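The values are calculated or read from the model by the stated rules, or taken from the named source; none is laboratory data. Only a predicted model underlies this, so the values are computations on that prediction, with no experimental measurement involved. Reconstructed Cβ throughout: ideal geometry from the backbone, glycine too, with neighbour counts over all protein chains shown. These accessible areas exclude ligands, DNA and RNA; they are computed on the full protein's heavy atoms, side chains included. Shrake-Rupley method; radii C 1.70, N 1.55, O 1.52, S 1.80 Å.
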Amino acid sequence: MARVELLDPEKAEGRVKEVFERVETYYHMVPGLQKALGHLPETTNALWDLSLATAREGSVRRELKRVFFAVTAHEVECEYCVAAHMIALFGKQWSQEECVDVLLGNPSPRLSDKENAAVDFARVVARGPAGVTDEQTDALRAIGWTDSEIVEIVAAVALMRYTTTVASALDVPLEKVMEGIGINCGVPLDQQNG
C-alpha cells in the first residue's frame, strides 16, 4: 500500500486533472507513480516533460534507453520501475529471460558490443554517479560513443534515479499488469542472491 494517497484521476480537478489527462493520452491510464506524485502537479508535469524529452532527444535509440531505465531501476532496487520497463521491453519482443540476463549484468545478444558497453556504463552510473571515472568515459569514446551520447546515457540514468526514488520511497504499488511478471527487482525469485 502506498505511503501517500494515490490521487484518483476521476476526482482530479484543476491543474492535477490537466496533468493526468496528458499522461493518460500516452498510457491510456494514469500510472500509480503519477498518482502519487500528483500532489505536486507542476512537478508531475515537469517530470512528464523531462521523461518524454529524455526518451526522444538525441541519437541513442529508444529501445536501448529502455534497457538503461530497466538496469538503473534494478540497480537501485525499484520493483515498480523494473516491472514497468521490462513490460516496455516485452513490447519490443524481449523475453523475460533476455531482460533478466541483462539486468544481472550479462551482455545481451540483442545489443551490439558498443551498446552492451553503454549498458555496463549505465549500471556504474546507477550504482553511484560519483564513482564514474575518466577512464570509463574515455573507454566509451574509444568504441565510438560521442560526448553527446555519453550525456544521453547519464541523463537516462539520472531520470530513472529520480523516478525510482519517488516510487520506492512512497511505496507505489505495482499496476495490475505488472503483477504477473513474477519478479523481485527484475530477477525471478529463484535467482535472487541470499
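Among the numbered criteria (1) part of a loop (DSSP other than H, G, I, E, B); (2) out of contact with any Phe, Trp or Tyr (no Cβ under 9 Å at 6 or more places or on another chain); (3) open to solvent by 50 Å² or more (accessible area, probe 1.4 Å), which one does residue 110 miss?
For residue 110, the exception is condition (2).
Given the residues 132, 100, 119, which is the only one that is β-branched (Val, Ile, Thr), open to solvent by less than 60 Å² (accessible area, probe 1.4 Å) and under 18 Å from residue 60 (Cα atoms)?
Values: 132 fails: under 18 Å from residue 60 (Cα atoms); 100 fails: under 18 Å from residue 60 (Cα atoms).
When all the criteria are applied, what remains is 119.
This table checks each residue for (1) among the aliphatic types (A, V, I, L, M); (2) in contact with a helix residue (DSSP H, G or I) (Cβ under 8 Å, 6 or more places away or on another chain); (3) at pLDDT 95 or above; (4) open to solvent by 70 Å² or more (accessible area, probe 1.4 Å).
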| residue | (1), (2), (3), (4) |
| --- | --- |
| 10 | no, no, yes, yes |
| 27 | no, no, no, yes |
| 37 | yes, yes, yes, no |
| 40 | yes, no, yes, yes |
| 68 | no, yes, yes, no |
| 72 | no, yes, yes, no |
| 82 | yes, yes, no, no |
| 87 | yes, yes, no, no |
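Output the residue which, of all residues in the range 55-66 that are open to solvent by 20 Å² or more (accessible area, probe 1.4 Å) and in contact with an Asp or Glu (Cβ under 9 Å, 6 or more places away or on another chain), is nearest to residue 10 (Cα to Cα). It would help to see each step written out before you state the result.
Within the range 55-66, the subset open to solvent by 20 Å² or more (accessible area, probe 1.4 Å) is 55-59, 61-63, 66.
From what's left, in contact with an Asp or Glu (Cβ under 9 Å, 6 or more places away or on another chain): 57-59, 61.
Details: 57: 32, 58: 36, 59: 38, 61: 35 Å.
Ranking the candidates gives 57 first.
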